[in-house]
1. Return yes when F332 is outside any loop (DSSP other than H, G, I, E, B) and modelled with pLDDT of 95 or more and no when it is not.
2. Restricting attention to region 452-498, which residues are among the charged types (D, E, K, R), buried (at least 17 other Cβ atoms within 10 Å of the Cβ) and over 24 Å from S84 (Cβ atoms)?
3. So in region 170-191, with the set limited to residues that are open to solvent by 10 Å² or more (accessible area, probe 1.4 Å) and among the hydrophobic types (A, V, I, L, M, F, W, C), which one is modelled with the lowest pLDDT?
4. Among what's in region 360-403 and is of a type in the set (S, T, N, Q) and at pLDDT below 95, pick the residue that is farthest from D500 (Cα to Cα).
5. For region 328-351, state whether one or more residues are of a type in the set (S, T, Y), open to solvent by 50 Å² or more (accessible area, probe 1.4 Å) and more than 14 Å from V495 (Cα to Cα).
6. Do you know which of the residues in region 84-109 that are open to solvent by less than 60 Å² (accessible area, probe 1.4 Å) and assigned to a strand (DSSP E or B) is farthest from E206 (Cα to Cα)?
7. For region 378-429, enumerate the residues that are β-branched (V, I, T), buried (at least 18 other Cβ atoms within 10 Å of the Cβ) and in contact with an Asp or Glu (Cβ under 9 Å, 6 or more places away or on another chain).
8. Of all residues in region 179-228, which are assigned to a loop (DSSP other than H, G, I, E, B), within 23 Å of the chain's Cα centre (by Cα) and of a type in the set (A, V, I, L, M, F, W, C)?
Amino acid sequence: MLVCCLGVAVAAVFLLRDDREEATVSGPSAIYGLTLNPSGFDPHIHSSSELGIPFFSVYDTLVYRHPQTMDFVPGLAAALPTMSEDGLSWTFTLKQGVTFHDGTPFNAQAVAANLDRITNDEIGSRKARYLLGPYTGYEILDDYTIQINLSEPYAPLMDAFSQVYLGIASPTALQEYTKNTYQWHQVGTGPYKLTEFVPGDHLVLERNEDYAWGPVFYAPPDGGSLARIEFRFYEDPPTRSLALESGAVQVVGDLLPTDVDDLAGNNQVRVYRVHVPGTPQQFFLNTTRAPLDDLNVRQALLYATNRTAIIDTVFHGESPVAYGPLTSVNPFYSAEVVEGLYPYDTEYARSLLSGAGYTDSDGDGVLDRDGEPLSLQMVFAPWNEMDSVAQLIQNQWADLGIELELVQVANFVELSDYASRGEYDVIALYDFGVDASILNQYYLTDGPSNWSHFSDPEVDGWLAEATRQVSPDVRAGLYQSMQQRVMEQAVVLPVREYVDLVGASTQLDGVIFSAQGWWPLLYNFRDSS
């Protein structure tokens, strides 16, 4: 029985070719292993990074970030947009001669239809609408010029339009299918077309032979270009390396570090270490719930955590230690203000706890204050080896006399439920993104994912101003102040920077990923056999 991502048993095959005819594009093919079956695949609605692995090649975006420099380059826009002097409007001049996979012409009206859909409350966008920030609407100036209007200046807008969640879909297809069924019939202008989808089992992309408008970093197709790519699901981590070694897949991500060790001697497989910009793998500390409302206790937890040991034991040294709320590959990371903080120091951690009034008054090995044991609850989901990370932290903190209850939930819905109730002391959450405005949702007082319940008017001001400022230097200064304050206040326990361990057959060349880290540039992949 096949189980689709909506949790319903299915046997339907969604075909976009008639009568399941043979592929019309000649050339080599590959099988790509997906590691998660998201709750949905429509990038306008859903927020999973995994959906972008196939669909970043189905859609084009108005602009792109160059994967090597992270600079913006034109996509469906003919040039980078111009911003008004007051920062309240951005004007995009669009490429002409572009068509969607269904033959619909691309123009300003198509962009408008996508914006209307994303901002329609009935669609329930989880990420795309948020990325648009203070968007208020648009004006179509002519068939190939559209003006995006804002209620206040918003520097992250370019970054937003470079992400798959704002990929431009065919307005014809959006009208033809419902909110729920469009995800099985997605139509873009990108280098690959979605031709088949069996929910929960596989999906197929075929090369768009008419594609002639890609960004500067897309290589022209040749005889080695992939004509067909089939995506299959490998949610159980141990199955990924087995599928790679057996040849069942040619590419798969999120390999276990132990599997990378085992693959080291296999000359048929190459491992790519893809550093993902964004937030690190981390734990938010609930700053409003005792005992973590005490700064000394929060700081003690950071000093008491041997992050290097966690990296070596769980991740076999395959990830850098994380020091702050951003990873070091993010352009706004401030090494000078975060990397000297909180070295592993159990004696100093003990002194902080003693200063907060904690002693082992009854000799049971657990610290207590006013008769209350120092007992905490940590909540996490099963991704990214979090169970092993949590167990190591539990052991490390126990050496200082801290009891830690581990609560593993099944999925993001359950994790969010815990967060909404505030029934935790420590909770895990990770996100990715190149623009540092990703921090707003976690550290603004009214941020939608402010799971630490941290509130600092100066931090609110710095984050808000950083989204209004265009100058990278000004923004960097604001984010530096924010990072320093957050770490001084021990709001978050960073553990490791996310590195996606991607295995690929050595017969594949040109394996490269987007600036966001997660999404392969399939148009550049080449079969060298």
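1. Numbers: outside any loop (DSSP other than H, G, I, E, B): no; modelled with pLDDT of 95 or more: yes.
So F332 fails the test.
2. D456, D460, R485, R496, E497
3. Looking at the filtered set, the residue picked out is W184.
4. Residues of region 360-403 that are of a type in the set (S, T, N, Q), as a first pass: 361, 375, 377, 384, 388, 391, 394-396.
Checking which are at pLDDT below 95 leaves us with 361, 384.
On the way: S361: 46, N384: 10 Å.
Residue satisfying both the conditions and the ranking: S361.
5. Within region 328-351, the subset of a type in the set (S, T, Y) is 328, 333-334, 342, 344, 346, 348, 351.
Right, trim to open to solvent by 50 Å² or more (accessible area, probe 1.4 Å) and you get 328, 344, 348, 351.
Now drop any that are not more than 14 Å from V495 (Cα to Cα), which leaves 348, 351.
Yes, region 328-351 has at least one match.
6. S89
7. In the first step, residues of region 378-429 are kept if they are β-branched (V, I, T); the result is 379, 389, 393, 402, 407, 409, 413, 426-427.
If we keep only those that are buried (at least 18 other Cβ atoms within 10 Å of the Cβ) too, we end up with 379, 389, 393, 402, 426-427.
Residue satisfying the conditions is V379 alone.
8. V187, F217, listed by residue number.
The values are calculated or read from the model by the stated rules, or taken from the named source; none is laboratory data. Values in this document were obtained by computation on a predicted structure and should not be read as measured data. Cβ atoms come from the backbone with ideal geometry, glycine included; neighbour counts cover every protein chain shown. When the accessible area is computed, the model is the full protein with side chains, heavy atoms only, and any ligands, DNA or RNA have been set aside. Shrake-Rupley method; radii C 1.70, N 1.55, O 1.52, S 1.80 Å.
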